[in-house]
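Below: one structure, written as structure tokens.
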Amino acid sequence: MLIVGGTGPTGLPIVRGLVERGHQVTMLHRGLHERAETPAEVHHLHHDPYDDVDLRAALEHRRFDVVVAMYGRLRRIAEVTIGRCGRFVSVGGVPAYRGWMNPWLYEPPGLPVPIAEDAPMVRAPGEDEKGFRIARTEAAVFTHHPNATHFRYPYVYGPYQLAPREWCIVRRILDNRRRIVVADDGLTLHHHGYTENLAHAVLLAVDQPAVSAGRVFNAGDEEVLSVRAVVELIAAALGHEFEIVSMPYELATPARPLLAQPLPTHRVLDLGALRGDLGYRDVVPAREAVARTARWLAEHPPAPGGPEELVLTDPFDYPAEDRLLDAWCSARASVVARASFDPEPGYGRAYSGPGGRPRSSPEFVE
């Protein structure tokens, strides 16, 4: 069995899972990121999966029962492995969906929720250049391997992630920041996938070739956490208290790296096929996975100004944040002082939760 990649966030648990299942595993990677967690019995091929000539040379006289392609130029890997594998399993991304990166392709703007595997794909470079390339690569995979299994990953989180959204929160905790800005109360739902959960999804496909052949699956955590929930879970995991300050999206500039998109609309995947057909369930519940990620980042902090922070585009400009926070809190207090209603608007008579319509009887009678 060949794994192209295998040293990244989900590659490590996939390799371990395959070894635990008794497979003979070979990893093809450049050898720049050897991991202590990689099982000793794994064979390594140090070649460049971005270099067509080198890749062909590496695989010229080899054949594998299964190829799992997670790294490199996917369409070239699919082409080179024609006739050299019994099954082809590949990993791509959700930007292939029309509207994932360009929410203005829908009216009103925003991706439909949830989005299933048969949703429209990016149709032209003008809609979204990156999404178009991903969609075309996915089509090429099935042209070369009609019985392939392809996974659409959302944002990945966990150890070794190169764009750790959670670092935007963890670093502020380590720097003892007491206030943090969220947009629109942090209620945006943005699908993520914990490393071990995504790896489990891929392993389920390897285990069930008859069910997974020729299909595309969305992958991600079963629970989609709001931005605010992620902030609160990380703070709790690291024993920190934040004042979470909500601002309208248009003003909440420091919250942009947490949103990772130009609107506060939702991006949620439909996992019905993954759950129903492959029997997927989270190995690590999302809430625990966020806490684990926070603790890992606190123990392995990225270097200030390093590649992770450059990818996140979070400047951690605390003086600017404080000026914005002070101005907003002052303006909000002024607006609240000027607003009065008689009578005050309610939540509707159908609402019966806290602060809603009182019960008609003090006791429940069967």
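Things to note:
- Within the range 275-301, residues that are over 18 Å from Cys168 (Cβ atoms) reach partners that are among the β-branched types (Val, Ile, Thr) with beta carbons closer than 7 Å, at six or more positions or on different chains, in the pairs Asp277/Val211; Leu278/Val211.
- Looking at the range 246-305, the helices (runs of 4 or more DSSP H) lying wholly inside it that each contain 1 or more residues that are within 23 Å of Leu105 (Cβ to Cβ) sit at 256-259.
- Evaluation of His200 against the conditions (1) open to solvent by 10 Å² or more (accessible area, probe 1.4 Å); (2) under 17 Å from Val91 (Cα atoms); (3) outside any helix (DSSP H, G or I); (4) touching an Asp or Glu at 6+ places or on another chain (Cβ under 9 Å) shows that the sole unmet condition is (3).
- For the range 141-155, the criterion of a residue being in contact (Cβ under 8 Å) with a residue 12 or more places away in the chain, more than 28 Å from Thr38 (Cα to Cα) and of a type in the set (Phe, Trp, Tyr) is satisfied by at least one position.
- Residue satisfying all of: in the range 172-193; assigned to a loop (DSSP other than H, G, I, E, B) and open to solvent by 10 Å² or more (accessible area, probe 1.4 Å); nearest to Gly220 (Cα to Cα) among these: Leu187
- Only residues that are surrounded by 18 or more Cβ atoms within 10 Å (Cβ to Cβ) and either of a type in the set (S, T, N, Q) or not in a helix (DSSP H, G or I) (or both) were counted in the range 203-214, giving 1.
- Considering Arg56, Arg152, the condition of being of a type in the set (D, E, K, R) and closer than 24 Å to Ala273 by Cα is satisfied by Arg152 alone.
- Residues (among the β-branched types (Val, Ile, Thr) and either open to solvent by 40 Å² or more (accessible area, probe 1.4 Å) or at pLDDT below 95 (or both)) located in the range 217-268: Thr253
- Only a single item in (1) in contact with an Asp or Glu (Cβ under 7 Å, 6 or more places away or on another chain); (2) at pLDDT below 95; (3) open to solvent by less than 40 Å² (accessible area, probe 1.4 Å) is not met by Leu162, and it is number (3).
- Subset of the range 2-26 (residues that are buried (at least 20 other Cβ atoms within 10 Å of the Cβ) and at positive phi): Gly5, Gly6
- Check on Glu107, open to solvent by 50 Å² or more (accessible area, probe 1.4 Å) and free of Cβ contacts under 8 Å to residues at least 12 places away in the same chain: yes
- Residue within the range 118-131 that is touching a residue at least 40 places away in the same chain (Cβ under 8 Å), more than 30 Å from Thr38 (Cβ to Cβ), open to solvent by 50 Å² or more (accessible area, probe 1.4 Å) and out of contact with any helix residue (DSSP H, G or I) (no Cβ under 8 Å at 6 or more places or on another chain) present: no
- Yes/no for His29 being surrounded by fewer than 22 Cβ atoms within 10 Å (Cβ to Cβ) and either out of contact with any Leu (no Cβ under 9 Å at 6 or more places or on another chain) or at pLDDT below 95 (or both): no
- Those residues of the range 182-207 which are over 20 Å from Ala289 (Cβ atoms) and small (Gly, Ala, Ser), in sequence order: Ala183, Ala205
- Some residue of the range 19-33 being farther than 19 Å from Pro159 by Cα, among the small types (Gly, Ala, Ser) and out of contact with any Asp or Glu (no Cβ under 6 Å at 6 or more places or on another chain): yes
- Single residue of Val80, Val113 found to be open to solvent by less than 50 Å² (accessible area, probe 1.4 Å) and of a type outside the set (Phe, Trp, Tyr): Val80
The values are calculated or read from the model by the stated rules, or taken from the named source; none is laboratory data. Just so we're clear, the structure is a prediction, and the values are computed from it rather than from any experiment. For neighbour counting, all protein chains shown are included, and Cβ atoms are generated from backbone atoms with ideal geometry for every residue, glycine included. Note: accessible area is taken over every heavy atom of the protein model, side chains too, but ligands, DNA and RNA are not part of it. Shrake-Rupley method; radii C 1.70, N 1.55, O 1.52, S 1.80 Å.
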